[in-house]
Amino acid sequence: MGKSAAEIYLWMHVTTLWSEDTCGPFRDGLTTGTFAGQLYFGVIICWAAIFAALAIGPRALQIYSGITVPLRFLFLIILAAYFGGLNSTANGDGMSYYLGSAELPALNGEAIGFANSDATLFQDAYTQVFFSIGVCVGTMIAFGSYRTTKQPVILDSVLVAVIDFLFSFIAGFAVWGAIGYL
């Protein structure tokens, strides 16, 4: 069939559009699987939150940001701890690869290297931070119009860059912990 396990899980257990017995789309015409209520109600909740934010205005964006931004960090820390624990129980080297204390294994007799030196490695890391900040520049400019003129702009810019770096650093622990477990 050529489908990955993740894709089969998505179609069978999340959207429920594939049947259990054929592990593929239902064959009898337009008949689909069971009603995916959790998916439907999740979408309804998201659209209701978006509608409320647009109806209330900028104040709602401040409230939503105050709730969702800390939740992202919390979920990321939970994932990093979970995959870090899996990595250590499986005697994986994911964290060692991430922190640079172990060499990646050779693939087809050729060593896998991401950077020639530590200098280029950190240059790549800084470039990644600027790319991830660059995605939301338009939004930051729009939100900046609501700030007072006496706000410390340079301090805010440095805080955004540092927080983005920390988020990426913690995300690396989650990703490389999962890789080490696998």
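The values are calculated or read from the model by the stated rules, or taken from the named source; none is laboratory data. Computed from a predicted model, the values in this text were never measured in an experiment. Using ideal geometry, Cβ is built from the backbone for each residue, glycine included, and neighbour counts are taken over all protein chains shown.
Here are some residues: Gly2, Gly100. Which one is surrounded by fewer than 10 Cβ atoms within 10 Å (Cβ to Cβ), at positive phi and modelled with pLDDT under 85?
Details: Gly100 fails: surrounded by fewer than 10 Cβ atoms within 10 Å (Cβ to Cβ).
That would be Gly2, the only listed residue that is surrounded by fewer than 10 Cβ atoms within 10 Å (Cβ to Cβ), at positive phi and modelled with pLDDT under 85.
Looking only at helices (runs of 4 or more DSSP H) that lie completely in segment 32-106, which have at least 1 residues being closer than 12 Å to Gly177 by Cβ? In segment 32-106, the matching helices (runs of 4 or more DSSP H) lie at 58-89, 94-99.
What's the number of the only condition in (1) modelled with pLDDT under 70; (2) under 30 Å from Pro58 (Cβ atoms); (3) of a type in the set (A, V, I, L, M, F, W, C) that Ile133 fails to meet? So the condition that Ile133 fails would be (1).
Pairing residues of segment 55-67 that are closer than 16 Å to Ser145 by Cα with residues that are aromatic (Phe, Trp, Tyr), at Cβ distances under 8 Å and at least 6 apart in sequence or on separate chains, gives Pro58/Tyr146; Leu61/Phe143.
In this structure, does Ser88 turn out to be hydroxyl-bearing (Ser, Thr, Tyr) and either surrounded by 12 or more Cβ atoms within 10 Å (Cβ to Cβ) or at pLDDT 80 or above (or both)? Taking the combined requirement at face value, the residue satisfies it. Pairing residues of segment 154-182 that are closer than 24 Å to Gly92 by Cα and touching a residue at least 40 places away in the same chain (Cβ under 8 Å) with residues that are part of a helix (DSSP H, G or I) and among the polar types (S, T, N, Q), at Cβ distances under 7 Å and at least 6 apart in sequence or on separate chains, gives Ser168/Gln128; Ser168/Ser132; Gly177/Asn87; Gly180/Asn87; Tyr181/Asn87. Residue check: Glu110 meets all listed conditions (1) over 18 Å from Phe169 (Cβ atoms); (2) modelled with pLDDT of 70 or more; (3) of a type in the set (D, E, K, R) but one, namely (2).
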